[in-house]
Amino acid sequence: MGRYAIRRLLQLIPVLLGTTFLINYMVWQLPGDPFAARCGQRACPDSYISAMRAQFGLDQPMLVQYWHFLKNLLSGDLGVNFNQVSVASQLADAWPITIRLGLMAVAIEAIIGIAAGVLSGLKRGGFIDNVITISTLFMLSLPIFVTGFILQWLLGVQLQWINPTVSDAATVGELLIPAFVLASLNLAFTARLTRTSIVENRRSDYVRTAISKGMTNRRVVGVHLLRNSLIPALTFLGTEIGSLMSGAIVTEGIFNIHGIGGLLFTAINNHDFTIVVPVASLLVLVYLLANLLVDLLYGVLDPRIRYE
Amino acid sequence: MIEVLPESAGSGTHGGALLEVDDLHVEFRTRAGVAKAVNGVTYSVSAGETLAVLGESGSGKSVTAQTIMGILDMPPGKITGGEIRFRGTDLLKLPEDERRKVRGEGISMIFQDALSALNPVFPVGWQIAEMFRIHRGASRADAKKKAIELMDRVRIPAAKERVSDYPHQFSGGMRQRIMIAMAIALDPEVLIADEPTTALDVTVQAQIMELLAELQRDSNMGLILITHDLGVVADVADKIAVMYGGRIVENAPVHDLYRNPAHPYTKGLLESIPRVDLKGQELYAIKGMPPNLLDMPSGCAFHPRCPYRQETCTTDVPPLHTISGTRGSACHFWREVLDGDAQ
Ligand SMILES: Nc1ncnc2c1ncn2[C@@H]1O[C@H](COP(=O)(O)OP(=O)(O)OP(=O)(O)O)[C@@H](O)[C@H]1O
Ligand code: SF4
Ligand SMILES: [Mg+2]
């Protein structure tokens, strides 16, 4: 497995090069001059525009620009943005918040999703199963921004149980509802996946064997059945870490959380590509690493998987 | 020829029988209707005795065994009558917690397909050791040591090195040995083997049967061997129960049954065993289809396929006639069937 992991890590290099090049290329090719609209009502003077273009290397060929990007990235120097503020310091402020939000969402997906799935799978056709099936259907049919606005309005404005927006500190308590919103889709999906695999595995031969070995019902369900039924749900959760990131951008927008999403959102509006490019590249990296982690996790969960 | 004595003189407390299935009825309630899978099965096994249960596919052999173990799918399955007595106690009336303690300790079971019967995500040694940990409260280390001993006992080569391997890393025969090791871990008094060799190569089949016979001799277990292969049982079984349409149609000590069957269905089965001396000749196979459990034939369930059929067979259900102390046949005309063979 060690060799496999190393090989996979090496494979990341060309993929990262390719994707970051594409991000650079796309972003700088977008229509509209990023500097022309930076001077309020008036058009910017040509001297300003050409000075900025020179500072950010826009006057050079694409490949040279990309080379500079790589060099700076590897030396950890992300430069300044169009407002001459350090990009690295902005990222350093924003990342921890987004990571906290993301981890909380994954935990909510895993704990609530799996628990709900196991319950409804074991009590198939019963009252609890129906309640869970209907609520997951609800979550699945509502886009994240709708769920977000509804909960913000209901809990924040009407009932006033929470602050409608999150403070700069972004504490765990404040992030609870946003994390739930972010988790909602995957949570519902996890519950359904778990339910299906519980129902399928419940009648399997090895569960029958465990019963005929005289194991307690708790052990049959909690060890033999659960361990097998978790495989699809955990794999799903891992592969969805990537989509969680794009969900985080929406969620941060709704609750005014100053994470990566917020940063990216303003940067796109301002055409500030000095922020967009590193953030997008980091998101790609997170996505790739999460996928690798899932593949390795899959092998730990299911010994039948071979790494070759 | 060696005379086989019924080995009922044993250690059992209830007329010798350790496990008695008495007039068991099981049905499956499905959308298509009520399938009567088991219709009054009665059989028993004593310590040290091997009972072979024979019958074609769908005759209710496995369902009966699952009911004994308490692993019947309920629903759709439903036990509609009868008793299953283990050491005189009706298991069907036992509370679940006490019933559970009988499994593994008193009665164990091995299945046809060891690959699916073993849990794919746990090492085989762990699965054997679990018996000692849960039933006996053994420590992990002790239980693992015992698991290795058991793997040795069922002759898995390099047991010590392989104890942490997973089921898919073993061959079919080795997997079945692991199943057997798990089933005999706690020295059960009765072992039920449901077609333990059907999924295996012929040479491996013989090895597994030998192993089972040897283990049984050593520990004096009662063995219920379910199969639809008459050839397999001749060497190992003491007595045979033949099932058809969820009923026992004939039971007899093994050599009596081979020499002189008392039911037309048994006769058909015997004549369909491939024999070396008849090589090249066409086999006699029982004509017709197994009965439809949703709509059983009236009278004797075998009548649509029976060469001995008379008028009464289509209307009257034949009871299990006693032929002698150890033999029975559920055929109105068992005398003719016996005679016809004895000429
Ligand atoms: N879970 C179930 N649901 C519905 N019907 C079932 C179920 N299990 C068994 N049956 C039915 O009960 C009947 C008897 O099945 P059983 O498995 O006992 O046959 P068998 O004698 O063991 O046959 P085989 O030699 O093929 O194993 C079959 O007709 C089968 O369709
Ligand atoms: S009762 Fe009649 S139909 Fe049934 S086996 Fe005997 S002879 Fe055949
Ligand atoms: Mg069967």
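Observations on the model:
- Distance in nm between pseudo-label sites at residue B:94 and residue B:31 (7 Å out along the Cβ direction from Cα): 3.7 nm
- The mean sequence distance of close C-alpha pairs (under 8 Å, at least 6 residues apart), as a share of the length of the range A:161-262, puts its relative contact order at 38 percent.
- Cα pair distances in the range A:73-181, grouped into 10 Å bins until the bin that holds the longest one, percent each: 12, 29, 29, 19, 8, 3, 0
- Distances between every pair of Cα atoms in the range A:156-308, grouped in 10 Å steps from 0 to the bin holding the largest one, split as 10, 26, 27, 20, 12, 4, 1 percent.
- Expressed to the nearest 5 percent, the antiparallel share of DSSP beta bridges inside the range B:172-269 is 55 percent.
- The helix-based estimate of mean residue ellipticity at 222 nm for chain B, built from -39,500 (n - 2.57) per DSSP H run of four or more residues and divided by its residue count, is -9500 deg cm²/dmol to the nearest 500.
- The interface between chain B and chain A buries about 2300 Å² of solvent-accessible area in total (1.4 Å probe, ligands and nucleic acids excluded).
- Counting only DSSP beta bridges whose two residues both lie in the protein assembly as shown, roughly 65 percent are antiparallel.
- Assigned charges on the beta-carbon of Lys, Arg, Asp, Glu; chain A dipole about Cα centre (debye): 1500 debye
- Per residue, in Å², the accessible surface of chain B once ligands and nucleic acids are set aside, probe 1.4 Å: 45 Å²
- Charges were assigned to the Cβ only: +1 to each Lys and Arg, -1 to each Asp and Glu. The resulting dipole of the protein assembly as shown about its Cα centre is roughly 980 debye.
- For the range A:197-291, the set of trypsin sites (Lys or Arg not before Pro) satisfying both a DSSP loop assignment and a count of at most 14 other C-beta atoms within 10 Å is given as A:203.
- Highest average packing first - A:8-15, B:288-295, Cβ atoms within 10 Å: B:288-295, A:8-15
- Percent of Cα pairs exceeding the 29 Å cut-off, where the set is chain A: 50 percent
- Ranked from largest to smallest solvent-accessible area, with a 1.4 Å probe on the protein heavy atoms, A:118, A:87, B:317 come out as B:317, A:118, A:87.
- Length gained on full extension, residue A:115 to residue A:196: 27.9 nm, using 0.36 nm per residue less the C-alpha separation.
- Kirkwood Rh in Å, taken over the protein assembly as shown so that all alpha-carbon pairs contribute: 30.2 Å
- Neighbouring Cβ atoms from other chains, within 10 Å of the Cβ of residues in B:159-170, number 1 on average.
- In straight-distance terms, cross-link reach from residue B:160 covers every one of the aspartates and glutamates whose alpha-carbon lies under 19 Å from its own, apart from those fewer than eight places away in the same chain; here that gives B:130, B:142, B:149, B:152.
- Cα gyration tensor shape of chain B, rounded if a/c is under 1.5, else prolate or oblate by comparing a/b with b/c: prolate
- Kyte-Doolittle mean at least 0.0 and Cα axial length at least 15 Å: DSSP H helices in chain A: A:2-29, A:62-74, A:87-108, A:127-141, A:172-202, A:226-239, A:241-255, A:273-301
- Distance violations [Cα-Cα > 24 Å] among B:101/B:146; B:61/B:145; B:239/B:287; B:93/B:239; B:36/B:61; A:123/B:36: B:61/B:145; B:239/B:287; B:93/B:239; A:123/B:36
- Since only B:107, B:126, B:167 are under comparison, the one whose Cα sits farthest along the positive direction of the charge dipole of the range B:19-237, derived from C-beta charges on Lys, Arg, Asp and Glu, is B:126.
- For residue B:80, residues with placed amide H under 5 Å, excluding near neighbours: B:25, B:26, B:27
The values are calculated or read from the model by the stated rules, or taken from the named source; none is laboratory data. Model, not experiment: these values are computed from the prediction. Note: ideal-geometry Cβ built from the backbone for every residue, glycine included; neighbour counts use all protein chains shown. Note: accessible area is taken over every heavy atom of the protein model, side chains too, but ligands, DNA and RNA are not part of it. Shrake-Rupley method; radii C 1.70, N 1.55, O 1.52, S 1.80 Å.
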